[in-house]
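Here's the structure we're looking at; comments come further down.
The values are calculated or read from the model by the stated rules, or taken from the named source; none is laboratory data. Please read these numbers as outputs of a predicted model, since none were measured by experiment. A quick note on method: Cβ atoms are made from the backbone with ideal geometry, for glycine too, and the neighbour counts reach across all protein chains shown.
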Amino acid sequence: METTRALILVLGDQLDRDALVLRESDASTDRIVMAEVDAEIRAFPNHKQRVALFLSSMRHFADDMRDAGWAVTYQSAGDADGSTLLPDFLARMIEEYAPSEVRVTTPGRYELGEAFEKVCTDAGVALRWFEDTHFLSTRQEFAQWAKGRKALTLEYFYREMRKKHGILLDGKKPVGGSWNYDKENRESFGKGGPQDVPEPIEFALEQTEHTRAVIDLIASRYADLPGELEQLYWPVTVEQAQQCMEDFFVTRIEKFGPVQDAMWTGEPWLFHSRLSTALNMKLLDPRDVVARAVDAYESGAAPLNSVEGFIRQILGWREFIRGVYWLKMPAYIDENSLEAEEALPPLFWDGKTEMRCLSDVVGQLLTYGYAHHIQRLMVAGLFTLMYGANPREVHDWFMAYYVDSVEWVTLPNVVGMSQHADGGVVGTKPYIATGKYVQRQSNYCSECRYNPAKATGDKACPFTTLYWNFLDRHHERFADHHRMALQVRNLERKSAEQIEAIRERAREVREMAGRGEL
Ligand code: FAD
Ligand code: SF4
C-alpha cells in the first residue's frame, strides 16, 4: 500500500521548483498537495487576469512536479467536492493521507500561517515550516538589521545587501563611485512622447493548454469578476518567464533608468520589466535577474544608472518591503495613522472619471491588471492618500486589481509607502504633490478637462485641491516635520479666504467622487 510520509502544501505564489521544502523532501515517499479554492479566488473582487495567471501557473507547476516523479494531489476550482478554504483543504488532505508531518514554506500572508498551525494542532500532526529561500535575505536577518534603528532607511539596507552579495562593487566601494544614480533617472518624455518603445513579448506568447482551460473556466464560473481576459498577458511557465526576462534585458534595460518615473497615455509598459509576477510566483529567481542585470552593465549593453536603478528595485526595495511586512505584522494591516476613513470612490473600480490620469491608469488596469510604479504611487496612491480613503480599502483595491499582488509586498507598499498609514516606517514623509507633478511626468494633463495649476473653481485639478486640503487637514501633525517644512510654510502663506475656498472645493470633489461624477 502506498504510504505518505509528509504532505507538502504548495501555495499559488510558491511555485519555486528549487524550494528548500522540496530539496529536503523525498519524491518517493512524500506528497505535494495543491488547491484552487473559491475563497481565494473571491477573496477580493479579483481581476480575471490575476486569477488566470495564478491558476494556469499552478497547473503548470503541478505538471512539472509530476514529471519530476512527485505524487501530486491537485484540487481544481472546477472540482464539485472542492474545499472552499485553504485550511479546510489541508484538513481534508490530512484526513485522506494520514501523514506523519505537514511541510509548508512560509506563506506570503501572515494569517495563513496561524490557520495552518491550528489545522495541524487540531489533527495532531506536526507542522514544519521552511524558509522561503527565494529571497536574498531572511526575515531574521532583516529583524536583526532593523533592531535598535530609529528609522528604517532603504538606502542603508540596500548598501548592506550590495556588500553582502557582492553586487556592483569595486573592492569595497560601489562601481562608478556612487551607490545611487537616482538623479539621472527622473526624465520625462518631452512633447514628442516616448520613442521606440519595444513591442512587449507577452503578446507573442503562445497561450498554453492550461491557460486556455483556465480562461474557459473563468468565463463559465467567474465571469462576474472584473477585468478583461481574452488573452493572458503574463508568463505562466519557467520558460516563458525566462523569455520575458531576456526580452527585457535585450530590448529595454538600456532606457529603464532615465524614464522610470515617466508616464504616457496608452503606453502601459514603456521600459519597465514586467517581471514582478514571475518573481512573486517564484518562476524566476531574483539572483538570476540581478546577475543578468550586472551582465548587461559589464557587457556594455546598458548604462550604470539604468542597471543600478533596476538592481535597487530588486535587491533593495523588494527585500526591504518583505522585511517590513514580517517585522510589523500582524498589527500592520490595521494601521491608519492619518485616520483616513473615506470610502474608496467608484471610479477606482470602473475607471469612469474625467480625470485623464486616473481614467488612463484604471482603464489600463482593467485590460492588463498592470500599472507601473509611478502610476501606482503618484496617480492612484497619491489620489487616495490626499482624498483620505481608508487604507484597508485602498489595500484591498490594490490586491484585487494588480496581477502581481501578494500580501507581503502589496501591504507595505500601500499602507506604508503610498498611504503613510504606518506613520513613517517605510517612508519618512507622505508622498504628496499637486497635479503639476503629474503634468511634468506625463501628457495626461494636456488631455484633461481639469487644470493642474488651479486649486479652486470648476476647472481645478482634484489633485491640486486635495494637496492643499491634505496639508490643511494635517497641519498640526506635519507643522514641525523637518522634511515637510517647505510645503507647510507654503500653505501658511495662503489667506483665510483661499483656505476656505480650498476646503469648499475639496468637499465638492469628495461628493462628486462619491457620486461617480468627478
Ligand atoms: P519594474 O519597474 O521593472 O521594477 C523591477 C522589479 O523591482 C519589479 O518587478 C519588482 O519585483 C521590484 N520592485 C520595484 N519596486 C518595488 C517595490 N516598491 N516593492 C517591491 N518590489 C519592487 N509590487 C508587487 O510586486 N506587487 C504589488 O502588489 C505591488 N503593489 C504596489 C502598490 C503600490 C501603492 C506601490 C507604490 C508599489 C507597489 N508595488 C508592488 C511595487 C512596484 O510598483 C511593482 O513591483 C512594479 O511596478 C512591478 O512592475 P515591473 O515588474 O514592470 O517593475
Ligand atoms: Fe490628473 Fe489633474 Fe492632470 Fe487631470 S489635470 S490629468 S486630474 S493631474
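Of everything in region 17-31 that's without any contact (Cβ under 8 Å) to a residue 40 or more places away in the chain and part of a loop (DSSP other than H, G, I, E, B), which residue is surrounded by the most Cβ atoms within 10 Å (Cβ to Cβ)?
Going through the qualifying residues, I end up with Thr29.
Being out of contact with any helix residue (DSSP H, G or I) (no Cβ under 8 Å at 6 or more places or on another chain), on the phi < 0 side of the Ramachandran plot and away from ligand 2 (no atom under 16 Å from the Cβ) is the requirement here; does Glu239 meet it?
Considered against the rule, which asks whether it is out of contact with any helix residue (DSSP H, G or I) (no Cβ under 8 Å at 6 or more places or on another chain), on the phi < 0 side of the Ramachandran plot and away from ligand 2 (no atom under 16 Å from the Cβ), Glu239 comes out as yes.
If I filter region 330-365 down to residues being among the small types (Gly, Ala, Ser) and touching a Leu at 6+ places or on another chain (Cβ under 9 Å), which single residue comes out as farthest from ligand 2 (Cβ to nearest atom)?
Result: Ala340.
Just to check your reading of the model, which residue among Asp295, Asp360 is in contact with a Ser or Thr (Cβ under 9 Å, 6 or more places away or on another chain), more than 10 Å from ligand 1 (Cβ to nearest atom) and among the acidic types (Asp, Glu)?
Of Asp295, Asp360, the one residue that is in contact with a Ser or Thr (Cβ under 9 Å, 6 or more places away or on another chain), more than 10 Å from ligand 1 (Cβ to nearest atom) and among the acidic types (Asp, Glu) is Asp360.
In the set Ala262, Ala278, which member is within 16 Å of ligand 2 (Cβ to nearest atom), touching a residue at least 24 places away in the same chain (Cβ under 8 Å) and among the hydrophobic types (A, V, I, L, M, F, W, C)?
Ala262 is the lone residue from the list that is within 16 Å of ligand 2 (Cβ to nearest atom), touching a residue at least 24 places away in the same chain (Cβ under 8 Å) and among the hydrophobic types (A, V, I, L, M, F, W, C).
Condition check ((1) of a type outside the set (Gly, Ala, Ser); (2) surrounded by fewer than 23 Cβ atoms within 10 Å (Cβ to Cβ); (3) in contact with a strand residue (DSSP E or B) (Cβ under 8 Å, 6 or more places away or on another chain); (4) at pLDDT 95 or above) across all residues:
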site: Lys352; (1), (2), (3), (4): yes, yes, no, yes
site: Gln364; (1), (2), (3), (4): yes, yes, no, yes
site: Gly369; (1), (2), (3), (4): no, no, no, yes
site: Leu377; (1), (2), (3), (4): yes, yes, no, yes
site: Val414; (1), (2), (3), (4): yes, no, no, yes
site: Tyr431; (1), (2), (3), (4): yes, yes, no, no
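Tell me, which helices (runs of 4 or more DSSP H) lie completely within region 398-492 with 2 or more residues that are within 15 Å of ligand 1 (Cβ to nearest atom)?
Those helices (runs of 4 or more DSSP H) span 407-411, 435-441.
Quick test of your reading of the structure: Thr456 fulfils all but one of (1) within 22 Å of Ile502 (Cβ to Cβ); (2) out of contact with any Lys or Arg (no Cβ under 6 Å at 6 or more places or on another chain). Name the failing condition by number.
Status for Thr456: all satisfied but (2).
Residues that are over 15 Å from Leu270 (Cβ atoms) and at pLDDT 95 or above: list the helices (runs of 4 or more DSSP H) wholly contained in region 174-256 that include at least 1 such residues.
209-221, 238-251
Select the helices (runs of 4 or more DSSP H) contained entirely in region 32-139, then report the ones holding at least 1 residues which are of a type in the set (D, E, K, R) and farther than 28 Å from Val289 by Cβ.
Working: elements: 38-41, 48-67, 86-97, 110-123.
Hits in region 32-139: 38-41, 86-97, 110-123.
Taking only region 493-518 into account, find how many residues are surrounded by 15 or more Cβ atoms within 10 Å (Cβ to Cβ) and closer than 17 Å to Lys459 by Cβ.
9
What are the pairs, 6+ residues apart or on separate chains, where a residue within region 455-469 that is closer than 17 Å to Gln439 by Cα and of a type in the set (Phe, Trp, Tyr) has its Cβ under 6 Å from a residue that is within 16 Å of ligand 1 (Cβ to nearest atom) and assigned to a loop (DSSP other than H, G, I, E, B)?
Going by the 6 Å Cβ cut-off, the qualifying pairs are Tyr467/Ile432.
Can you tell me which residue in region 154-169 is surrounded by the fewest Cβ atoms within 10 Å (Cβ to Cβ), limited to those that are free of Cβ contacts under 8 Å to residues at least 12 places away in the same chain and not in a helix (DSSP H, G or I)?
Checking each candidate, the answer is Gly166.
Look at Pro452 and say whether it is near ligand 2 (Cβ under 9 Å from one of its atoms) and either in contact with a Phe, Trp or Tyr (Cβ under 9 Å, 6 or more places away or on another chain) or closer than 19 Å to Val361 by Cα (or both).
The answer is yes for Pro452.
Per-residue answers, yes or no, for (1) polar (S, T, N, Q); (2) more than 10 Å from ligand 1 (Cβ to nearest atom); (3) buried (at least 21 other Cβ atoms within 10 Å of the Cβ):
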position	(1), (2), (3)
Phe271	no, no, yes
Leu284	no, no, yes
Phe310	no, no, yes
Trp317	no, no, no
Leu327	no, yes, no
Glu339	no, yes, no
Pro346	no, yes, no
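Please tell me if Tyr444 is among the aromatic types (Phe, Trp, Tyr), within 9 Å of ligand 2 (Cβ to nearest atom), touching a residue at least 60 places away in the same chain (Cβ under 8 Å) and in contact with a strand residue (DSSP E or B) (Cβ under 9 Å, 6 or more places away or on another chain). Give the steps one after another, and end with the answer.
Working: among the aromatic types (Phe, Trp, Tyr): yes; within 9 Å of ligand 2 (Cβ to nearest atom): yes; touching a residue at least 60 places away in the same chain (Cβ under 8 Å): yes; in contact with a strand residue (DSSP E or B) (Cβ under 9 Å, 6 or more places away or on another chain): no.
Here the answer is no, as Tyr444 does not meet what is asked.
More than 29 Å from Gly266 (Cα to Cα) and surrounded by 23 or more Cβ atoms within 10 Å (Cβ to Cβ): does that describe Asn490?
No; evaluated as a whole, the condition is false for this residue.
Here is a yes/no grid of residues against (1) buried (at least 20 other Cβ atoms within 10 Å of the Cβ); (2) β-branched (Val, Ile, Thr); (3) over 26 Å from Arg17 (Cα atoms); (4) touching a His at 6+ places or on another chain (Cβ under 7 Å):
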{"residue": "Asp216", "(1), (2), (3), (4)": "no, no, yes, no"}
{"residue": "Ala223", "(1), (2), (3), (4)": "no, no, yes, no"}
{"residue": "Leu229", "(1), (2), (3), (4)": "yes, no, yes, no"}
{"residue": "Asn280", "(1), (2), (3), (4)": "yes, no, no, no"}
